[in-house]
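The values are calculated or read from the model by the stated rules, or taken from the named source; none is laboratory data. Owing to the predicted nature of the structure, the values given are computational and were not obtained by experimental measurement. Note that each Cβ is placed from the backbone with ideal geometry, even for glycine, and that neighbours are counted across all protein chains shown. Ligands, DNA and RNA are stripped out before the accessible areas are found, and what is left, the full protein with its side chains, is counted by its heavy atoms. Shrake-Rupley method; radii C 1.70, N 1.55, O 1.52, S 1.80 Å.
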Amino acid sequence: MALTLYNTLTRRKEPFEPIDAANVRMYVCGPTVYDYAHIGNARPVIVFDMVFRLLRHVYGADHVTYVRNITDVDDKINARAAKDFPDLPLNEAIRRVTTATEKQFHDDIAALGVLPPTVEPRATEHIEGMTALCDALVRRGHAYVADGHVLFDVSSMADYGTLSNRSLEEMEAGARVEVAPYKKGPMDFVLWKPSKPGEPAWTSPCGIETPGRPGWHIECSAMSEKHLGPEFDIHGGGIDLVFPHHENEIAQSRCAHGTPVMARVWMHNGFLQVEGEKMSKSLGNFITINELLATKKFGANQWHGRVARLAMLGTHYRQPIDWTAERLLQARATLLDFADLLAGVEAAGEPNADVVAALSDDLNTPSALSIIHGLAKSAKRNPEGAAELAATLEFMGLYGGETRDALNVGVEAAKVDADKVDALVAARLAARRAKDFKESDRLRDELAAMGVALKDAKDPQTGEIVTSWEVAR
Ligand code: AMP
Ligand code: ZN
């Protein structure tokens, strides 16, 4: 099966050829464990889980190594630890924060149907690899020591900026970074920095006497080297990581090892926004994975993890995604249909070949899902089709034997009052016509809370929007 992937490094879709088909290697930047992961963070986790599943299918489950790290050293962690456990020594407080957050993260993403990666390294267990990289970079003339810091000298790398497609001159012209006096150039970045008393600290590299701690980017260079080698196949993360994080990982790894590439293919998922707006705490639309799955905070409903996963995969990973209650209602209605079809059915055989082919085309999940809808249609008539549907959904992490009731988590079994629903639907349409979108969204959420899913369509004759509804359970 030919696999093609879009490569941010070359800005085109390319046939994927692993360095070693017996051990295909992928690294994805994981969470910084100081707080609940939000649903934007869930996107790369789900997207690269899908890549992992596909690679395992194509190359064999024992021939793929997927590394997703845990960042457990970071200023945000220190701040959270000091705030939450003011009476504990900082290092003990940090341990409490990172342990609890890591466990929460694992529980949250397991509910989203995400497989554990092959290796999940922690930054604090790879400090030696980081100091070795610092030493190598200074030795090779790519980094310098200044004021207790080790800094990467970007002018020492001729093709710095290739991933983000900008030259050093362009970056410097647009730089808004505060230029610390000890930096030689404004774009030089920190590999190692001094720790203040009480902060986590390790023996510094490069002959620096005061103890210190690593910069952000060096972690991933050290962890990927340790588990995947200096050159590997795929590196992934969200689009916001292209610059500076991934650009700087490349600079560190290539210059320390003298290699022409770090990862051959760089994959980035697009951003997630909520109901048409950037998700942010100040806008009040910030939602964690845990709140989505365990409370009625989003769209006044609680959502099963598989429903959230299907909602996520409905948009191609490189496109932005708008996270709406409507999207989740539709995903739930779909999975409820499937649950009816699959009751009493054993998954059998391989996942459907057309679905695998769609995924092999740069992870085209929308196309895969539309093929799956076709499979479901034919499964209604033939039981063998149902076994294949089950196998295909299992392969995509969208089915694990859940029943209708399980998928309807948090939905009360009340009957809806059809007259009341009709009235609310009409009121919502009127609000939309009057362009009062706040009110129309509120009414849609009220309906969602009653378990009612809406479908808007254009009347082909009049061009007017008409809305149909169904009970999504
Ligand atoms: P962070 O904890 O901010 O380093 O993010 C962890 C991962 O989540 C990174 O791969 C980010 O690119 C990704 N990420 C953060 N916010 C969003 C978002 N709103 N949409 C999609 N991906 C995101
Ligand atoms: Zn990283």
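Given R0 = 60 Å, the distance between the Cβ atoms of Y182 and A300 translates into a calculated FRET efficiency of 0.70. Of all DSSP-defined beta bridges confined to region 4-269, some 45% are antiparallel rather than parallel. Scaling against 2.2 N^0.38 Å puts the C-alpha radius of gyration of the chain at 1.08. Calculated over region 7-96, the projected area of the Cα convex hull averaged across directions stands at 8.0 nm².
Dipole magnitude of region 418-471 about its Cα centre, charges +1 at Lys/Arg Cβ and -1 at Asp/Glu Cβ only, in debye to the nearest 20?
Using only the charged Cβ atoms, the result is roughly 180 debye.
In this structure, the amide hydrogen of D188, modeled 1.01 Å from its nitrogen in the peptide plane, lies closer than 5 angstrom to those of V154, counting only residues at least 5 positions away or on a different chain. The amide H of G236, built 1.01 Å from its N in the peptide plane, has Y27, V28, C29, M267 as neighbours under 5 Å, considering only residues 5 or more places off or on other chains.
Just to confirm the number: angle between the C-alpha axis of helix 247-257 and the first principal axis of the chain, 0 to 90 degrees, nearest 10? Around 50 degrees separate the two axes. Counting only alpha carbon atoms, the long axis of helix 39-59 and the longest principal axis of the chain meet at about 90°. Between the listed residues A110, L369, F16, the Cα displaced farthest toward the positive end of the dipole of the chain, a dipole computed from Cβ unit charges relative to the Cα centre, is found at L369.
Taking only DSSP H segments of four or more residues, each worth -39500 (n - 2.57), what value at 222 nm results for the chain once the sum is divided by all its residues, to the nearest 500 deg cm²/dmol?
My calculation for the chain gives -13000 deg cm²/dmol from helical runs alone.
Amide H to amide H distances under 5 Å link G397 with no residue, where only residues 5 or more positions off or on other chains count and H is placed in the peptide plane. Projecting the Cα atoms of Q461, F338, G236 onto the charge dipole of the chain, computed from C-beta unit charges around the Cα centre, puts Q461 farthest toward the positive end. Among the trypsin sites (Lys or Arg not before Pro) in region 360-404, those located in a DSSP loop and surrounded by at most 15 other Cβ atoms within 10 Å of their own Cβ are K380, R381. Rounded to the nearest 10 degrees, the angle from helix 437-449 to the longest Cα principal axis of the chain is 70 degrees.
In this calculation the C-beta distance from A449 to E209 is compared with R0 = 51 Å, giving a FRET efficiency of 0.25. Tell me the relative contact order for region 4-119 as a rounded percent, counting alpha carbon contacts under 8 Å between residues six or more apart. This gives 30 percent for region 4-119. A full extension of the chain between E14 and A82 corresponds to an added length of 19.8 nm, given 0.36 nm per residue minus the alpha carbon distance. Remark: region 347-353, residue by residue, has Karplus-estimated 3J(HN,Hα) of 5, 8, x, 8, x, 4, 5 Hz, where x stands for each Gly or Pro and the curve is 6.51 cos²θ - 1.76 cosθ + 1.60 at θ = phi - 60°.
Candidates G185, I208, I94 compared by Cα position along the dipole of the chain: farthest toward the positive end lies G185, with charges placed on Cβ. With all protein chains in place and a 1.4 Å probe, the accessible surface of region 296-443 carries 51 percent carbon and sulfur. For region 229-239, putting each phi into the Karplus relation 6.51 cos²θ - 1.76 cosθ + 1.60 with θ = phi - 60° gives couplings of x, x, 10, 9, 8, 10, 10, x, x, x, 4 Hz, in residue order, rounded to whole numbers and with x for Gly and Pro.
For the pair F271 and R381, the difference between a 0.36 nm per residue extended length and the Cα-Cα distance amounts to 35.7 nm. Within the chain, antiparallel bridges make up roughly 55 percent of the DSSP beta bridges whose residues both belong there. In order along region 191-198, phi translates into HN-Hα couplings of 9, 8, 9, x, 9, 7, x, x Hz, rounded to whole numbers, per the Karplus curve 6.51 cos²θ - 1.76 cosθ + 1.60 with θ = phi - 60° and x for Gly and Pro. Estimated at 0.36 nm per residue, the fully extended path between T467 and A423 surpasses their Cα-Cα distance by 14.6 nm.
Our summary gives the chain a relative contact order of 15 percent, counting only alpha carbon pairs under 8 angstrom and 6 or more residues apart.
Per residue, region 4-269 exposes an accessible area of 42 Å² to a 1.4 Å probe, with every protein chain left in place.
When the GluC sites (Glu not before Pro) in region 335-418 are filtered for DSSP coil states and for at most 14 other beta-carbon atoms within 10 Å of their beta-carbon, the remaining sites are E346, E412.
Count Lys and Arg as plus one, Asp and Glu as minus one, and take only other residues whose Cβ is under 15 Å from that of Y144; the net charge is then +1. Measuring from a point 7 Å past the Cα of Q319 along Cα-to-C-beta, which residues in region 242-276 have an amide N at less than 16 Å? Counting backbone N atoms under 16 Å from the label point, the list is 269-276.
Assuming R0 = 56 Å, what is the FRET efficiency of D337 and R139, from their Cβ-Cβ distance, to the nearest 0.05?
0.35
The trypsin sites (Lys or Arg not before Pro) of region 410-457 that meet both conditions, a loop assignment by DSSP and at most 12 other Cβ atoms within 10 Å of the site Cβ, are K415, K435. This model, with +1 at the C-beta of Lys and Arg and -1 at the C-beta of Asp and Glu, gives the chain a dipole about its Cα centre of some 620 debye.
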